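Asks: Starting off with a structure, shown below.
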Amino acid sequence: MAAAGATASTPQGVESRRGIPAAAFVEDVEAYLRQAGLDVNSALAFLQERLQQYKVVEMKLLAQQRELQAKIPDIEKCLDTVATLQAKKALGEALIADFELSEGIYSRAKIEDTDSVCLWLGANVMLEYSCDEANALLKKNLENAKGSLEVLIADLQFLRDQQTITQVTIARVFNWDVHQRRSKQAVKET
């Protein structure tokens, strides 16, 4: 959407955020339509399409947010497990752990004096790490996941702001058109 100087403005001069285009707030609908070279119906269709694009992006971002929110507790649980293993080793005690073999079937293991753990990296890949390396890797992954979640939340807020601006612009263009039609009708009647 072409932003015109006094007719349309973006918030704080932001053009886009991580590929999400900023919506222009239209102050003067007539000038906006003239500068964009659009009639009312074309402008409304364009704005509706942009609103739908924002909604599609929002759905994708919400899915990413859910994935990250599920991933963070898993990483924290792994960190706790590694810390527990290290604490038990330092005390010279064995760790008794129950683990799931398959759905609804559990087994009990006695873990004594271990120096390493195996971590799932994804794509059916598991690697063995020393407890210290695993701890460092999990902390880094947790920090990255929390940072990504913060950025994602900011992106979602930006996106919601753009949706609101676009909805307001749609209402302004529609109301302007209604006002113009009424004015023309009043002129014809007199």
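The values are calculated or read from the model by the stated rules, or taken from the named source; none is laboratory data. This is a predicted model, so every value here is computed, not measured. Glycine gets a Cβ as well: all are built from the backbone with ideal geometry, and neighbour counts include every protein chain shown. SASA here: full protein model, heavy atoms, side chains in, ligands and nucleic acids out. Shrake-Rupley method; radii C 1.70, N 1.55, O 1.52, S 1.80 Å.
Asks: Those residues that are under 30 Å from Leu159 (Cα atoms) and either modelled with pLDDT under 90 or among the charged types (D, E, K, R) (or both), I need them from segment 54-105; list them, please.
Replies: Lys55, Glu58, Lys60, Arg66, Glu67, Lys71, Asp74, Glu76 - these are the residues of segment 54-105 that are under 30 Å from Leu159 (Cα atoms) and either modelled with pLDDT under 90 or among the charged types (D, E, K, R) (or both).
Asks: For the condition small (Gly, Ala, Ser), in contact (Cβ under 8 Å) with a residue 24 or more places away in the chain and in contact with a Leu (Cβ under 6 Å, 6 or more places away or on another chain), what is the one hit in Ala145, Ala83?
Replies: Ala145
Asks: Turning to a different aspect of this structure: Inside segment 18-43, can you point out the residues that are part of a helix (DSSP H, G or I) and more than 26 Å from Gln157 (Cβ to Cβ)?
Replies: Within segment 18-43, Val29, Glu30, Ala31, Leu33, Arg34, Gln35, Ala36, Val40, Asn41, Ser42, Ala43 qualify.
Asks: Name every residue in segment 141-190 that is open to solvent by less than 70 Å² (accessible area, probe 1.4 Å), over 29 Å from the mean Cα position of the chain (by Cα), under 23 Å from Ala43 (Cα atoms) and of a type outside the set (Phe, Trp, Tyr), in order of residue number.
Replies: Listed by number, the residues that qualify are Val173, Asp177, Val178, Gln180, Ser183.
Asks: Can you confirm whether Lys139 is under 27 Å from Val57 (Cβ atoms), basic (Lys, Arg), touching a helix residue (DSSP H, G or I) at 6+ places or on another chain (Cβ under 9 Å) and in contact (Cβ under 8 Å) with a residue 40 or more places away in the chain?
Replies: For Lys139, the condition - under 27 Å from Val57 (Cβ atoms), basic (Lys, Arg), touching a helix residue (DSSP H, G or I) at 6+ places or on another chain (Cβ under 9 Å) and in contact (Cβ under 8 Å) with a residue 40 or more places away in the chain - is not met.
Asks: Within segment 100-112, count every residue that is more than 18 Å from Cys131 (Cβ to Cβ), open to solvent by 60 Å² or more (accessible area, probe 1.4 Å) and in a strand (DSSP E or B).
Replies: Adding up the residues that qualify gives 5.
Asks: Then there's this: Taking the condition open to solvent by 60 Å² or more (accessible area, probe 1.4 Å), part of a strand (DSSP E or B) and among the aromatic types (Phe, Trp, Tyr), does Tyr129 pass?
Replies: Taking the combined requirement at face value, the residue does not satisfy it.
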